């Protein structure tokens with residue numbers, strides 16, 4: 001297959017512009033890959049055509065392609081085409097879903113309107129949440145952008161209701177696991193500055209007034225006799241995890257100190273270089289992968305002595321930190337689904353530590369909580385659904401129109417608009433109900449029904465991550481992705497905190 005397109009650039013530095021193309025095999029391992037990193041487009045260039053040609057093996061199961069700009073500056077892409085064995089590929093146009101009056105009437109009849117996304121509001125208008133959640137131990141709360149204030153406030157509201165009315169004692173967010181544990185100490189004991197601790201989770205997406213307000217409520221809830229914990233389940237930034245392992249080895253496993261220090265130092269160096277160069281995850285030599293993966297089994301041999309010295313909980317945490325480093329290494333050599341698999345593993349680790357009666361609310365992007373996955377393969381929600389079945393309730397969050405906070409280029413985070421919901425989108429159908437805020441349990445939809453069967457057929461839904469996007473809709477089957485959809489008509493940007501974490505908390509130190 002050949003993928004070609006025209007590229008023009010202006011001021012591209014600290015990275016490059018290019019086309020990218022990847023062919024995946026049955027185990028989601030890359031069979032062929034090219035992102036033009038060896039022939040980057042940089043600086044100021046006029047329109048030029050570029051081409052990538054890759055073989056597609058018989059065992060291939062997935063092809064991903066796109067246009068990339070990991071760096072500063074501006075790039076334009078145009079006239080993108082594909083050929084199969086020299087023959088142009090013409091994509092078939094699919095019919096758009098456009099909700100008719102009967103379908104909108106079903107939505108309105110099955111909707112649970114709620115008064116506000118204000119977390120300070122009482123729980124009376126969320127009485128329906130008990131029926132939606134039932135006896136489930138995991139409730140996943142998604143978001144179609146990482147920067148919508150209404151989503152953040154609504155999730156704060158839902159977490160508060162789950163804790164106060166339904167016995168949920170665990171909360172976990174799509175953030176680095178060790179850094180979230182540092183914030184959990186504040187939630188449980190009041191130790192530390194909550195704003196600095198929120199900033200200490202690194203990513204600007206969570207460094208917001210809305211997340212800080214939820215953290216402060218959690219502390220207040222615990223002070224007033226309740227119990228809720230704050231955790232993370234991501235592994236993209238294993239600096240603190242490495243430091244935790246090194247500190248424990250230094251104190252209680254001296255035979256590991258030299259190997260831990262040498263291997264982790266090499267990993268830090270490669271990760272820093274990759275981040276500085278804008279190339280994403282580090283490219284690791286196989287020798288380093290092997291050496292790092294050998295450390296945790298060696299640390300496990302000291303488990304009894306470690307537990308005797310520091311307690312079973314601290315020893316288990318250090319061993320899991322070693323696992324987080326392994327997960328980062330796996331992610332550097334895997335595809336996009338590796339991270340989701342590891343996040344699901346970390347959620348299960350938290351649940352196992354908490355016991356069989358624990359109930360947990362998860363906060364992540366809609367793509368990660370999806371039951372069927374997204375473009376890069378199986379999502380975190382796919383793995384959790386396989387393991388827990390109906391004990392997981394997956395709740396996607398959508399909005400009709402407005403603005404959101406996002407990252408446009410390096411260091412440029414601000415408010416951006418997006419294309420309005422149009423016929424063919426679930427958001428457009430929800431908007432026709434006339435309700436500014438509502439929830440719908442998609443599990444009530446009947447396949448083949450003229451009124452509700454559309455829930456089990458392809459429709460467009462908005463999906464924006466941390467990067468700003470102009471055209472942000474992609475097709476999926478709503479009822480396969482989510483159990484429940486929450487909808488708010490208007491989106492406004494999340495409010496970024498003007499605070500930085502202490503310099504000693506640098507991501508890779």
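No value in this document is a laboratory result; all are computed from the given coordinates. A quick note: this is a predicted structure, and the numbers were derived from the prediction, not measured. In this analysis, Cβ positions are derived from the backbone assuming ideal geometry, glycine residues included, and neighbour counts consider all displayed protein chains.
Observations
- Which labelled figure in (i) 37; (ii) 22; (iii) 46 is percent of Cα pairs over 41 Å apart, once derived from the coordinates: (ii)
- The stretch 239-352, relative contact order in percent, only Cα pairs under 8 angstrom and at least six apart counted: 30
- Mean separation of Cα contacts under 8 Å, 6 or more apart, over the residue count of the stretch 79-237: relative contact order %: 23
- Estimated inter-spin distance, residue 49 and residue 105, nm [label 7 Å along Cα→Cβ]: 5.5
- Distance between modelled label sites at residue 30 and residue 386, nm, 7 Å Cα→Cβ extension: 2.2
- For the stretch 239-352: rounded, prolate or oblate by the Cα gyration tensor [a/c cutoff 1.5]: oblate
- Shape category assigned to the stretch 278-328 from the gyration tensor of Cα positions, a/c cut at 1.5: oblate
- Taking 112, 368 and counting other C-beta atoms within 10 Å, the order from fewest to most: 112, 368
- A simple spin-label model places the labels of residue 165 and residue 272 5.0 nm from each other, with each point 7 Å out along Cα-to-Cβ.
- Residues listed by number, the stretch 136-158, amide nitrogen under 12 Å from residue 496 label point at 7 Å toward C-beta: none
- Global geometry of the stretch 2-80, whether rounded, prolate or oblate, following the gyration tensor of its Cα atoms and the 1.5 cut on a/c: prolate
- C-alpha center-to-center spacing [the stretch 362-402, the stretch 228-299] in angstrom: 29
- For the stretch 146-187, there are no residues whose amide N sits under 13 Å from a probe point set 7 Å from the Cα of residue 443 along the beta carbon direction.
- Protection-proxy order for peptides 79-90, 137-148, 206-217, each taking the mean of Cβ atoms within 10 Å per residue, highest first: 137-148, 206-217, 79-90
- Contact order normalised by residue count of the chain, Cα under 8 Å, 6+ apart, percent: 21
- Structure-based [θ]222 nm, the chain - -39500 (n - 2.57) summed over DSSP H runs of at least 4, per residue, nearest 500: -11000 deg cm²/dmol
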